[in-house]
1. Of all residues in segment A:165-187, how many are touching a residue at least 12 places away in the same chain (Cβ under 8 Å) and within 18 Å of A:Glu123 (Cα to Cα)?
2. Quick one: is B:Ala22 modelled with pLDDT of 95 or more and either over 23 Å from B:Arg136 (Cα atoms) or in a helix (DSSP H, G or I) (or both)?
3. Could you tell me whether segment A:41-63 includes any residue that is within 20 Å of A:Ala5 (Cβ to Cβ), within 10 Å of chain B (Cβ to nearest Cβ), in a loop (DSSP other than H, G, I, E, B) and out of contact with any helix residue (DSSP H, G or I) (no Cβ under 7 Å at 6 or more places or on another chain)?
4. What tally of residues in segment A:124-175 results from selecting those that are more than 14 Å from every other protein chain (Cβ to nearest Cβ), of a type in the set (A, V, I, L, M, F, W, C) and either part of a loop (DSSP other than H, G, I, E, B) or in contact with a strand residue (DSSP E or B) (Cβ under 6 Å, 6 or more places away or on another chain) (or both)?
5. I'd like to check which helices (runs of 4 or more DSSP H) are fully inside segment B:75-165 and have at least 3 residues that are in contact with a strand residue (DSSP E or B) (Cβ under 7 Å, 6 or more places away or on another chain).
6. Could you check segment A:74-93 and list, in sequence order, the residues that are more than 9 Å from every other protein chain (Cβ to nearest Cβ) and out of contact with any strand residue (DSSP E or B) (no Cβ under 8 Å at 6 or more places or on another chain)?
7. Specify which of the listed residues (A:Ser31, A:Ser45) is at positive phi, of a type outside the set (Val, Ile, Thr) and out of contact with any Phe, Trp or Tyr (no Cβ under 7 Å at 6 or more places or on another chain).
8. Here are some conditions: (1) out of contact with any Ser or Thr (no Cβ under 6 Å at 6 or more places or on another chain); (2) part of a helix (DSSP H, G or I); (3) more than 10 Å from chain B (Cβ to nearest Cβ). A:Val191 meets all but one. Which one does it not meet?
Amino acid sequence: MTANAISVRDVEVRLGGATVLSDISFDIRESSFVAIIGPNGAGKSTLLKALLGLVDTSRGTITIDGIAPRDIPAAWAGYVPQVKALDRDFPALAIELVATGPHARWPWRLGAEARAHALEALELAGAKHIADRPAGRLSGGELQRVYLARAFSREPKFILLDEPAAGLDVAGEADMYHIIESYQRKHRATVMMITHDWDGARIHASDVLLLNRTNIGFGPPDTVLNDQTLLQVFGHKGHTHPKTEGTRHD
Amino acid sequence: MIEALALPFMRRALEAGLLVGAVASYLGVFVVQRGLGFFGDGLAHAAFGGVALGILLGAEPLWVAIPFTLAAALMIVWVRDRTALKYDTAIGVSFAVSMALGIIFLSLRQEYSRDALTYLFGSILAVTPADLWITRALAAASLCMLPLWGRWAYATVDPELARADRLPTRRDDYILAAAIAITVVIAVKVVGMVLVAAFLVIPPAAARLLTRRFATMTLLSVVIGAISVLAGLILSYQCDLPSGPTIILVQAAFFAAGVTFRR
């Protein structure tokens, strides 16, 4: 039996006096791929931030490999934020952004070793060719790859992604899943991804966490994403994509 | 100009101007990239309140203005940190309160004060030996803070990633604000309250236009800041113009060059 990598018990998070999350409990096994699904304002990003130790829980406990989020080594987590959060006016080259992954500092200059390491990570993310481009001029898809490379460059045990598919076309999205899954297989990493793409979740995720300020369901996609739960969370049952449904992408 | 350097007050003016110009241009890269251009103006007004209190108390204005402005800067960061208000709102409040206090302090002192005018418009040629020592201390402290550049830059580009990496971004914000506050007070003596924000904004903005890397921007900003002081002082001496505004116009020439040759 595989050990639980992340354990969340009766968690409540309050922000600015309002309860954003309550009664959240689930266990994530090592090297699983969890899709976090829920409507806008469901607390998905807040949950990710609680796992990163960026927001405090007001009740309950979160442990990552048995350790509280704030106490885990920062390098364990490869966080891929929403690309729209990047300050595009900042004078940065793509490779400099990647180098913040292992060093947690903005680089004054990149030594040969640091540059080679960052290029390796960019290659994994299929973005080696844009290494020396200004980050502010990259498209959303290109920037997404740079952030993925940044996460890979620290060889994390956990990858946490906040809507990585936003703004990607169909080919870009398929490519992104492929890149993440390749890394996951090689490093036996645990992946948690916020997504609005139910189909992608059905195909790629080993588990789905359906969230709407509280835990609506957690388990294999086919069990959790049923008409009843989707109706409960979104008010409708969604739509299907018969050509892709049920096939496991590899 | 060479013969002018034989005069002690000119040597003091040059050294103080170069040091404060370089430090302000260094800190200014964070001011500009964090969108805090208004911070310099707000702190300049706080410095005015402090200077006015110093004049009222009959103390050396700089000694009162430094803690006064430091308190205003830390208060601004605290309000931003602990409430839902943004920086510009917190600065706006501090700006007005400091100015109101300054005017009241000055009105309480019956006789006319030439000191107040010196601080309003600056007078680099009135830099005293004590001012120069404070400026040297500021430059030395800034050198000691150089290792924080990588952290400050990382938190500037993405504060959330920096926090996720356990960097003490909150403490760093206070340190940066304190450094900017002290720099502003000293620069007020040199260029005056009305123009001091330019020292924090124009050289970094010109540098930003000319480069695609933050490290290069930082170096270029310091070089532009220092050269502007040197060229501005020479020009003001040769053409008999006020020194502070001449320095600012030289900075503006670099900015115009940046707009023309931007990358």
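1. Narrowing segment A:165-187 to residues touching a residue at least 12 places away in the same chain (Cβ under 8 Å): A:165-169, A:172-184, A:187.
Those still in the list that are within 18 Å of A:Glu123 (Cα to Cα) too: A:172-184, A:187.
Matching residues across segment A:165-187 total 14.
2. Values: modelled with pLDDT of 95 or more: yes; either over 23 Å from B:Arg136 (Cα atoms) or in a helix (DSSP H, G or I) (or both): yes.
It is true that B:Ala22 is modelled with pLDDT of 95 or more and either over 23 Å from B:Arg136 (Cα atoms) or in a helix (DSSP H, G or I) (or both).
3. No, every residue in segment A:41-63 fails to be within 20 Å of A:Ala5 (Cβ to Cβ), within 10 Å of chain B (Cβ to nearest Cβ), in a loop (DSSP other than H, G, I, E, B) and out of contact with any helix residue (DSSP H, G or I) (no Cβ under 7 Å at 6 or more places or on another chain).
4. 5
5. On the way: elements: B:87-108, B:114-121, B:129-144, B:149-157, B:159-164.
Where helices (runs of 4 or more DSSP H) fall fully within segment B:75-165, none carries at least 3 residues being in contact with a strand residue (DSSP E or B) (Cβ under 7 Å, 6 or more places away or on another chain).
6. Initial filter on segment A:74-93 (more than 9 Å from every other protein chain (Cβ to nearest Cβ)): A:76, A:78, A:80, A:82-84, A:88.
Once the filter is applied, which keeps residues that are more than 9 Å from every other protein chain (Cβ to nearest Cβ) and out of contact with any strand residue (DSSP E or B) (no Cβ under 8 Å at 6 or more places or on another chain), segment A:74-93 yields A:Val83, A:Lys84, A:Arg88.
7. Values: A:Ser45 fails: at positive phi.
Only one candidate passes the filter, namely A:Ser31.
8. (2)
The values are calculated or read from the model by the stated rules, or taken from the named source; none is laboratory data. It should be emphasised that the depicted structure is a prediction, and the values quoted were computed from it without experimental measurement. Reconstructed Cβ throughout: ideal geometry from the backbone, glycine too, with neighbour counts over all protein chains shown.
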